[in-house]
Amino acid sequence: VTIQISDDDLGSGSEVSAPLTVHNVDPVIQAFESDATFADKGEEGEPVTITGSFTDVGVLDTHSAMVDWGDGTVEAVALVQGAGSGTIQGSHAYVAGGIYTIMLTVIDDDTGSHQMSTLAVITGVGLNNGVLYVIGSAEDDTAHIQQTGRGTIKVHASFISEPFRE
């Protein structure tokens, strides 16, 4: 980098500086949400939609987005970007009921990244990370949980399609 200084009396000078190091600034996720909330639960087998937005002071950076859906599925999601900002959108269907933590990672082309999480609440019955979830609907649901002689648990619930789940 060469620095040149001049004044109004036509005097000037220049100097070559030491090497200049430019540090990357990570992108920042501004918002991230799921449409499957406690107030408006998703259903087993139906897509859950996520949306989000991010900014980056590196207006020339390009970005990608990865989502860990919390059920073992990790995938890239659609990203639309402009100079210094962008949006993400994706969808995923859960096989079993439960409360899933969805993790979004936005990465820039200089390896900077930022993560944010949200939840997906799915009506149904499921085992997630060793936790049994029995998530009812907005209706008058019934559920019965029993331990069988074989050391398994049966869940009978009015909000699942089969008579019970083991």
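If you check 80, 134, 106 for being within 22 Å of residue 154 (Cα to Cα) and assigned to a strand (DSSP E or B), only one passes: 134.
Tally time: how many residues in the range 35-81 are of a type in the set (Phe, Trp, Tyr) and open to solvent by less than 60 Å² (accessible area, probe 1.4 Å)? Reasoning before the result, please.
Within the range 35-81, the first condition is being of a type in the set (Phe, Trp, Tyr), and the residues that meet it are 38, 54, 69.
From what's left, open to solvent by less than 60 Å² (accessible area, probe 1.4 Å): 54, 69.
Total meeting the criteria: 2.
Restricting 145, 160 to residues that are more than 28 Å from residue 29 (Cα to Cα), assigned to a loop (DSSP other than H, G, I, E, B) and either open to solvent by 40 Å² or more (accessible area, probe 1.4 Å) or of a type outside the set (D, E, K, R) (or both) narrows the list to 160. For the range 16-34, filtering for residues that are of a type outside the set (Ser, Thr, Tyr), open to solvent by less than 80 Å² (accessible area, probe 1.4 Å) and within 30 Å of residue 121 (Cβ to Cβ) leaves 6.
Within the range 1-15, being in a loop (DSSP other than H, G, I, E, B) and either open to solvent by 60 Å² or more (accessible area, probe 1.4 Å) or under 18 Å from residue 68 (Cα atoms) (or both) holds for 1, 7, 8, 9, 10.
The residues of the range 107-128 that are surrounded by 10 or more Cβ atoms within 10 Å (Cβ to Cβ), modelled with pLDDT under 95 and of a type outside the set (D, E, K, R), listed by number, are 112, 126, 127, 128.
The values are calculated or read from the model by the stated rules, or taken from the named source; none is laboratory data. Quantities reported herein were computed from a predicted structural model and do not represent experimental measurements. Please note: Cβ atoms are built from the backbone with ideal geometry, for glycine as well, and neighbour counts cover all protein chains shown. Note: accessible area is taken over every heavy atom of the protein model, side chains too, but ligands, DNA and RNA are not part of it. Shrake-Rupley method; radii C 1.70, N 1.55, O 1.52, S 1.80 Å.
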